[in-house]
There are 2 protein chains.
Amino acid sequence: MLLSKMVGERTKTTPSDATIPSHVLLLRAGYIKLVSNGIWSLATPARRITRKIENIIREEMDAVEGQEVSFPVVMPKELWAESGRYYSIGDEMVRFKDRCGRDMVLGMTHEEAAVHFARDTVSSYQQLPFMVYQLQTKFRDEARSRGGLIRVREFVMKDAYSFHADAEDLEKYYYRVYDAYTRIFRRIGMKRVVAVKSDSGMMGGNIAHEYMLLTPVGEDTIVLCPECGYKANMEVAVSVRGETREDKSEPLSEVFTADKGTIEEVCDYLKAPQEKSVKAVCYFKKGTEDVVVVFIRGDLEVNESKLKKVISSDIVPANLKDVPGFVAGNIGPVGLKAAATVVYDESLRRGNNLICGANKPEYHFSGLDMERDLPGVEYVDVSKVRSGERCPVCGKPLSLENGIEVGNIFQLGTKYTKAMNMTVLDKDGKAFYPIMGCYGIGVGRALASVAEESHDDKGLIWPMTIAPWQVYLCGLRLDDENVKDKAFAFYEELQKVGVEVLFDDRNASAGFKFYDCDLMGIPLRVVISPRSLEKGQVEIQSRDKAIKEDCPIENACARLKEIIAEEIARLS
Amino acid sequence: MLLSKMVGERTKTTPSDATIPSHVLLLRAGYIKLVSNGIWSLATPARRITRKIENIIREEMDAVEGQEVSFPVVMPKELWAESGRYYSIGDEMVRFKDRCGRDMVLGMTHEEAAVHFARDTVSSYQQLPFMVYQLQTKFRDEARSRGGLIRVREFVMKDAYSFHADAEDLEKYYYRVYDAYTRIFRRIGMKRVVAVKSDSGMMGGNIAHEYMLLTPVGEDTIVLCPECGYKANMEVAVSVRGETREDKSEPLSEVFTADKGTIEEVCDYLKAPQEKSVKAVCYFKKGTEDVVVVFIRGDLEVNESKLKKVISSDIVPANLKDVPGFVAGNIGPVGLKAAATVVYDESLRRGNNLICGANKPEYHFSGLDMERDLPGVEYVDVSKVRSGERCPVCGKPLSLENGIEVGNIFQLGTKYTKAMNMTVLDKDGKAFYPIMGCYGIGVGRALASVAEESHDDKGLIWPMTIAPWQVYLCGLRLDDENVKDKAFAFYEELQKVGVEVLFDDRNASAGFKFYDCDLMGIPLRVVISPRSLEKGQVEIQSRDKAIKEDCPIENACARLKEIIAEEIARLS
C-alpha cells in the first residue's frame, strides 16, 4: 500500500504513562490508539499483524484437529450460574441487564459456552476426544490495565477446549497442544519463551503450564534452574534450603524488645540473624473477619498463591492492631490464644534457638525449639523461592527472571462438565463426565510481547512471519520522473508476485523516510534513488542489518522473494 | 475433515419458533446453537462459511482501498455523548458501569470510534479521501430477535467509514462501494439482490441504499417498477395516483353517522367509497402528550417513516378517547379546535365531495372540498405505496416484494465530524469538517440469507464460494478393506491438492449418508463404493443435480478441481 494514503501518523511524543518499550513504540509508530483505559483501537499495521498471528494460531490448532467455532461475547447469567462462576468471580466480570431485565455477562473466557455447545450434541464416548477453538473478543474489567497491549480490558483471545474420556487421553492431548504452542511462539518470532508449571487460578483443575516470554518488564516471576531446566512460576515454585538447626537448644525465655514491631527491628535490636527468627504474617479470609496467621522464617516472604490453596480461601493482608486477642508486633506461636487459622511454613521445620513474638506487648521469646515447644504441628510450603536457593530437582542454584505470560494451558478435569451436568455414555452405556482441557493465547498481547522482545533504540523489528509488510520501499527523489516511473513499476512488480510492500511515496527526505521505516520495523528496506538507478540497482537492507546489498533491479524481485522465504522457513 | 470427529449433530426436530427455512435448516444441519434470545454459537461448518464470507468482503474492501482496522466492542459513554447518540438511542444500546463506576456502552456501530480514530491523525485535505473498515462484533438489544441468524442481538458486521473533502468526492466513492457491494453479494452466491433507496434512519445523513435480498420471508417491503427499474424501500417509496376530484362540489353538510367510528364503518354506513373520505390517524410524539393528527385519503395507510421525518420526531400510535378537545371517531379537519400538529397527506390535494369527521359525536361532514373549505393548507407525502399504483419515473404499475436487508450504504455528511469536532485543513489552511460515508454488511445474516434463498426440501444448497467444504466424500461399505483403503487414499489426495473435503467415514448406510450430505448442502458429493470401484470409478454428483457423472478414480481429483474452479469463476 501507499504510505501517503495510510491513516495513522508516526509521532515523536508519547504519553507519560507509557513506560515500557512496546507501549512507547507501538504508539510512536502509529499502530495503536487508546479509546478508554485498557481499551484500544488497532490501526492497519497492527491489524495486519494480528491477522497473521491469528492465521498461524489457526494452522497450528487445525493441525491438532481443532475445530473452529464461535461462541458469543454476551452470555446469559444462567450459564455462569451453572458453573458457579457468576458468584465466585468479582468485579473483573462485567454484568448488566438487557432490555427485558435479564442478567447478562460479557465473556471473560468460554468454558461455560463450550460445555453448553457440546453437551447436547455429544452423547457417546466414541465422539471423544475433540477440541473446539475460537478467536473471539473477551472483556475483563482489570483494575490495573497498563503497558499498552500487554494488560488490557478488551482483547481477542484464541481459546480452545478439549473433551476426553479419561485423564490419560487428556494428558496425551495436552502435550500435543503443549508442542503446538511451542511451534506457535517460534513461528510468531518469539525467542525467549519457556513453558512453566503454574497455578491454575480461577480455572479450577490442577496441572497447568504458562508460556512465559522472559523479559525484564514482565510482571510474573519465574524460577529457573539453569542446570537441569526446572522451571516454574513463582506462584508454585519450590526450592531446597539449608537447615539452620543448631546442635544445642537454648531454653525458651522472654526477652524485652521495647516497641520493636517488625522482624527486622526485633532482630536488629537483639542482634540476631533474621533466619533465626519466626515472623508472623497476618491475613483476613476475604470478605470475613476470620484471621489467618502464617508463621514463617524471618528472612522469607509468604507466597500468597500457595497460601490461598492451602487454606482454600482468598485472602487480604490484615493489620491486627485493633483485633481483640492479638498483640500486633508481638504475635508468636507459643501461647497464642486468639481464634485464628494458623499455618506453619516448611522453613520452620526442625528450627531451634529462634526468636518469636511472646503475645505480650514489648516482649518476644528467644530459644524457641519448634520440635520441643510446638510438638506435632504440621508444616506446609507457603514461602517464596529466592534466587540462589537450591533446585528441587538437581540441587543446583536457582535463578529468578521476569516474564510476560503469552499463553496458558490447563488440565481442567471435570469441574465444568460436572457443574453443568454434561455426561456421555461409555462402552457399557454408563454415563460419565468428560474430562476437559483448555488452552489460551491472547493475540494482542502476543503482538506487544514480540515488540517488547524485538526492538532497538530506533524502533520496532518485526519477524518476517508477522510483519505488517515484508518490504518497505523507499523512493528517493520521486520528483525525478525516471525514479518515479521505476519505483512505481517496481512497486507493481512486487505486488504482482505477492510480496507485501509498503511504498513510501511521500515527498520527503531520505532521513525522514529511513526514520519511519526503522520506527515501523518493516523487515526489509529497499531504496530506489537516482544514485542506485545509475548503476541499475536497488539497495536492499534488512532491519537487523544482517543483510545489506545492492541488487540489479531486474533481479531484485526474485532476490526479495528468496530472502522472505528463507526467513519464514527459518522461523517455522 | 472426518465427519465422525465433527462436533454437532444433524437432527430431525426443530423448535416450534423456527418458522423460516434458513432457521429450520441451519438448526437441523447442526450449524448453529442458541445460547440466549438472539445470541448464537456457530458450529464449525457455519464458522467456515462466515470466514469465507469475511474473506470475500475483505478482498472487495481492499480493492476499493479500504484499510482494515479494529475498533473496540466496549466503548466509553463520552464518545457516544459527543455524537449525541448516547441520549438519542433507546433500549437497543446496552449501557453498563465498569468497576470504577464509569459509564460504558456496547458498540452497535462504530461511527464515533472511526471519527475518534481519525481525528487526531488526519490533519490535511491531502490525506483525504480514505476508508477504514473492520469485521467486528456488535450488540443491539433488539426487542424482537427471531428467524435464526436473520435478526439477532449479537452479530459480526463489516462496517466501513470513508472521509472526504467534499460531497462530490464522497458521491464518487459511494458508487465505487455500491459496485463493490454488488460484487460481494454475487460472489457470496446471492441471486435476487437489489439495491434500493432507503431512509437512513438513526445514521443521520440523506442519500442511502439498502441491498435487499428478495424473498417471501423478508420483513422489509420493497417497491419495484418492473418496467423502468425504479426501486425503493417502502419507507421512502413514492407513487402516482389518479385524482378523484369530481366536476361539481357539493356543499359541506353535517350528516348523522350514529356510533360509527372507523372510516370503513362510516363509508359503509353512508354507502360512499373510501377513496372519497378523509381518515384521521392520530399519534403522540414519543415520550410526550403532544398530539399529531394525520389526515389522509380513507383507503390509504400512513407511512410512519415518512411521517417521522416530516415532523422530525419519533411517534407512538394514540387513542384520543380520553384526551380533552378531541372526539375520537369523529375527528376531522374542519373545526378541529384542540391543540395538535396537523399533517395533510398529498392524497387529499384537490379532493372534493369528501366525507370527514365533524369533531362532534355521531356526526361527520359530507361534501368537503379541500381547496374551498381548507384553503392554503400544505400537503406532504406520508402515505404508503400500494401495489398497482403508478411508478413515479415511468408511470407503469408498481409491484411490492418482501426483502431481507443484507447490506446498506449511507452518505452521512458531516453529522459526526461536526458533532465530534474533527476538522482538517484545506489548501488555504482553513479548517473544514470532512464528509463521511458508511457501509455495512452483517456476516451472519449474509450466511442465513443465502440459506434462505438457496435450499430445497432436502436441505441447504451452498454456493461453491462459501460452502463449508467443497466436497462431501461418502465411503460406502467401509468395512470392506479395499473400499476403506481407496477411500482414505482418495481423501488424502484431495486434501493434498487443496480440495476442501468432508469425509463421511461413519459406519452407516448410503441412505443415511446421502440424507446428511443433502441436509448440510455441500456442493459436490463423491461416492466410493464396492460397485463404483469394480469399474475403477467414483460417482460425482452436484447438490443441484446439474452434474451427475462417473469418473475414473485416477482422474477424479483433477475433475473435481476443475468443477470447483469453474463454479467459483462463474460466481466471480
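The values are calculated or read from the model by the stated rules, or taken from the named source; none is laboratory data. Since the structure is predicted, the reported quantities are computational estimates derived from the model, not experimental observations. Cβ: placed from backbone, ideal geometry, glycine included. Neighbour counts: every protein chain shown.
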Name the one entry in A:Ala165, A:Ala195, A:Ala208 that is modelled with pLDDT of 95 or more, assigned by TED's automatic domain parsing to the domain that holds A:Pro72 and not acidic (Asp, Glu).
A:Ala165
Every residue from region B:282-324 that is within 23 Å of the chain's Cα centre (by Cα) and either among the aromatic types (Phe, Trp, Tyr) or closer than 25 Å to B:Cys267 by Cβ (or both):
B:Glu301, B:Val302, B:Asn303, B:Glu304, B:Lys306, B:Leu307
Which count do you get for residues in region B:115-128 that are in contact (Cβ under 8 Å) with a residue 24 or more places away in the chain and at the interface with chain A (Cβ under 9 Å from one of its Cβ atoms)?
6
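If I filter region A:350-364 for residues that are free of Cβ contacts under 8 Å to residues at least 60 places away in the same chain and of a type in the set (Val, Ile, Thr), do I get at least one hit?
no
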Within region B:6-14, does at least one residue satisfy the condition of being more than 11 Å from chain A (Cβ to nearest Cβ), over 29 Å from A:Met104 (Cα atoms) and not in a helix (DSSP H, G or I)?
yes
Restricting attention to region A:73-104, the residues that are more than 24 Å from the chain's Cα centre (by Cα) and within 11 Å of another protein chain (Cβ to nearest Cβ) number exactly 16
Failed condition for A:Asp247, given (1) without any contact (Cβ under 8 Å) to a residue 40 or more places away in the chain; (2) buried (at least 19 other Cβ atoms within 10 Å of the Cβ); (3) farther than 15 Å from A:Ala340 by Cβ; (4) not β-branched (Val, Ile, Thr), with all others met?
(2)
Any idea how many residues of region A:97-108 are surrounded by fewer than 21 Cβ atoms within 10 Å (Cβ to Cβ) and in contact (Cβ under 8 Å) with a residue 24 or more places away in the chain?
3
Helices (runs of 4 or more DSSP H) enclosed by region B:455-572 - at least 2 residues per element that are more than 25 Å from B:Leu25 (Cβ to Cβ) and of a type outside the set (A, V, I, L, M, F, W, C):
B:481-496, B:530-534, B:553-571
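Can you confirm whether B:Thr137 is modelled with pLDDT of 95 or more and more than 7 Å from chain A (Cβ to nearest Cβ)?
On the way: modelled with pLDDT of 95 or more: yes; more than 7 Å from chain A (Cβ to nearest Cβ): no.
No.
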A:Val177 vs. criteria away from chain B (no Cβ under 14 Å), crowded, with 20+ Cβ neighbours inside 10 Å and not in a strand (DSSP E or B)
yes
Any residue at all in region B:109-130 that is modelled with pLDDT of 95 or more and over 27 Å from A:Arg10 (Cα atoms)?
yes
Of the residues in region B:139-167, those that are touching an Asp or Glu at 6+ places or on another chain (Cβ under 7 Å) and closer than 20 Å to B:Met61 by Cα number 1
A:Arg58, sole failed condition from (1) out of contact with any helix residue (DSSP H, G or I) (no Cβ under 8 Å at 6 or more places or on another chain); (2) closer than 20 Å to B:Leu106 by Cα; (3) touching a residue at least 60 places away in the same chain (Cβ under 8 Å)
(2)
Subset of region B:491-543 (residues that are in contact with a strand residue (DSSP E or B) (Cβ under 6 Å, 6 or more places away or on another chain) and within 10 Å of B:Gly475 (Cβ to Cβ)):
B:Tyr491, B:Phe503, B:Asp504, B:Asp505, B:Lys513, B:Val526, B:Val527, B:Ile528
Could you pull out the residue among B:Ala280, B:Ala258 that is part of a loop (DSSP other than H, G, I, E, B) and either surrounded by fewer than 20 Cβ atoms within 10 Å (Cβ to Cβ) or assigned by TED's automatic domain parsing to the domain that holds B:Gly367 (or both)?
B:Ala258
What's the total number of residues in region A:15-47 that are crowded, with 19+ Cβ neighbours inside 10 Å, within 11 Å of chain B (Cβ to nearest Cβ) and not in a helix (DSSP H, G or I)?
12
Would you mind telling me which numbered condition in (1) within 28 Å of B:Tyr174 (Cα to Cα); (2) among the acidic types (Asp, Glu); (3) facing chain A (nearest Cβ under 9 Å) B:Glu112 fails?
(3)
Residue, farthest from the chain's Cα centre (by Cα), within region B:63-72, restricted to residues that are surrounded by fewer than 22 Cβ atoms within 10 Å (Cβ to Cβ) and facing chain A (nearest Cβ under 9 Å):
B:Glu65
If a residue has to be in contact with a strand residue (DSSP E or B) (Cβ under 8 Å, 6 or more places away or on another chain), in contact (Cβ under 8 Å) with a residue 40 or more places away in the chain and surrounded by fewer than 24 Cβ atoms within 10 Å (Cβ to Cβ) to count, how many in region B:424-441 make the cut?
5
Just one listed residue, out of B:Glu142, B:Glu154, is within 20 Å of B:Glu92 (Cβ to Cβ), modelled with pLDDT under 95 and at the interface with another protein chain (Cβ under 10 Å from one of its Cβ atoms), and it is B:Glu142
I'm trying to understand the selection: among the residues of region A:504-527, which are within 19 Å of A:Asn482 (Cα to Cα) and touching an Asp or Glu at 6+ places or on another chain (Cβ under 8 Å)?
A:Asp504, A:Asn507, A:Val526, A:Val527
If you go through region A:128-174 one residue at a time, how many are crowded, with 20+ Cβ neighbours inside 10 Å and of a type in the set (Lys, Arg)?
4
Here are B:Glu68, B:Glu82: which of them is farther than 18 Å from B:Val443 by Cα, touching a residue at least 60 places away in the same chain (Cβ under 8 Å) and either assigned by TED's automatic domain parsing to the domain that holds B:Lys418 or not acidic (Asp, Glu) (or both)?
B:Glu82
